[in-house]
Structure formats: structure tokens, C-alpha cells
1. Taking amide hydrogens as modeled 1.01 Å from N in the peptide plane, which residues meet the under 5 Å criterion relative to TYR159, leaving out close sequence neighbours?
2. Find the percent of Cα-Cα distances in segment 1-77 that exceed 14 Å, and round it to a whole number.
3. Based on the mean of other Cβ atoms within 10 Å per residue, sort peptides 173-185, 119-131 so the most packed one is first.
4. Which order do ARG57, ARG95 take by accessible area at a 1.4 Å probe, largest first?
5. Could you work out the relative contact order of the chain, using alpha carbon pairs under 8 angstrom and six or more residues apart, expressed as a whole percent?
6. Among (1) 13.2; (2) 10.5; (3) 11.1, find the value of mean projected area of the Cα convex hull in nm² that was calculated from the structure presented, and write down its label.
7. Around SER188, what is the net charge, scoring Lys/Arg as +1 and Asp/Glu as -1 over all other residues with Cβ under 12 Å from its Cβ?
8. Quick check for you: with a 1.4 Å probe and neighbouring chains kept, what is the accessible area per residue of segment 48-201, in Å²?
Amino acid sequence: MPPDLTIEGAHDGPVAGVDEVGRGPWAGPVVAAAVILDAGAVPRGIDDSKALSRTRREALFAALQGCATIGIGQAGVGEIERLNILGAALLAMTRAVEDLGVVPGHALIDGNRMPDLPCGATLLVGGDRRSLSIAAASIIAKVTRDGIMARLAAVHPGYGWERNAGYGTAEHRAALDRLGVTPHHRRSFKPIARRLAECGP
């Protein structure tokens, strides 16, 4: 069943859904989004980004720009190395809520760890399947990060980041052997650390 606004309606004031993408890839930042929906102008078809085709995600991303309050935050590779991937993901969520430009009355967080926020918040495991605003945030975060990785792919061709978004696909693994490690790789991640130990940069 697609998510709805039931959970949002249980809280007073504007409610922001918050989600992040990019914990698993070997390269690139982790990106989070915070979205406050206008209950009277919600685009049809919003769902967990993983349940949508790329074409549908991008169409909803465009539609949300005109009818929702959106904040985006990211944490780069250096922060991932310094904080670990969980700490970096929580930092990206904090930055996404700060980027909204307004303080929400409440935030709904996809996951089981609470970021540092200026408002009350509720953790929802599997929230992108339960809350419409979290589902919207998952779409914004996913499309934003895919765009970042496509731009990095233009600078570092051969790894297939425009297709694999930095995940550890066979194409990415083969490119590491052929081209080496870039500044955008997460050196603390085991496949990258192993490649560096065996072959160097």
C-alpha cells in the first residue's frame, strides 16, 4: 500500500519528512532531503523511490519543486571517513532540515537513529513506505544524488557512476583495477581499502 499523510496529520504545524540515500556506494557523498508537503497540492503517485522507475522519480522530483518546501543536505567523502557512514548520514539529515529555510513543527525521520534537529522528531523504520513526506524526501534525495554522481562521472569517466551511482557493480570493480582510486572513493570502505593495500592509489 502506498504511503499517505496519516502520520503527518498526527502532529501540529508543518511536518517535514527526512530521508537519505547513499550509505552503500563505494564513492560519492551521502545525500539527504527534507520535504514539507502542501496537503492540498500533493503530486499523485508519490511512493518510496526504490519502488519507482527512474522516469517516474524524475517526473515527481520536478513536480515537487513547485508545490513543496524542500531542503537538501550532503556529507562528503572526507566527512564519511571522519565520522563513519552513519554519522555522515545523520549530519546530512541535519543539514537538509536546516536547508528548508523554516523550522518544522515536527520531523519524521526514516530510520532508527536520530539526527540533531531544531524540532521534535519521530523515528520511523521503513518510513518511506509509511509516510508520504518521507517518500517525497526519498525521491528528492535519490534524484539529487544521481545527478551528483552523473556530474562526477563526467570528470572521472570509466567507472560507470552515471549508471551505478557509485555502487560496487562489476563495472565499477573492473574500473578500479584498471584506473585506480579517485579522490571521490570512500577509502575506509573495505573494497577500496583492500584495493589501496594491494595496488596503491
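The values are calculated or read from the model by the stated rules, or taken from the named source; none is laboratory data. All values reported here derive from a predicted model rather than from experimental measurement. Here Cβ is always computed from backbone atoms with ideal geometry, including for glycine, and neighbour counts include all displayed protein chains. Surface areas here come from the heavy atoms of the whole protein model, side chains and all, with no ligands, DNA or RNA. Shrake-Rupley method; radii C 1.70, N 1.55, O 1.52, S 1.80 Å.
1. For TYR159, no residues qualify.
2. Of all Cα-Cα pairs in segment 1-77, 68 percent lie more than 14 Å apart.
3. Per-residue mean Cβ counts within 10 Å order the peptides as 119-131, 173-185.
4. Sorted descending by solvent-accessible area, the residues read ARG95, ARG57.
5. This gives 29 percent for the chain.
6. The listed entry that was calculated here is (3).
7. Combined, the nearby Lys, Arg, Asp and Glu give +3.
8. 47 Å²
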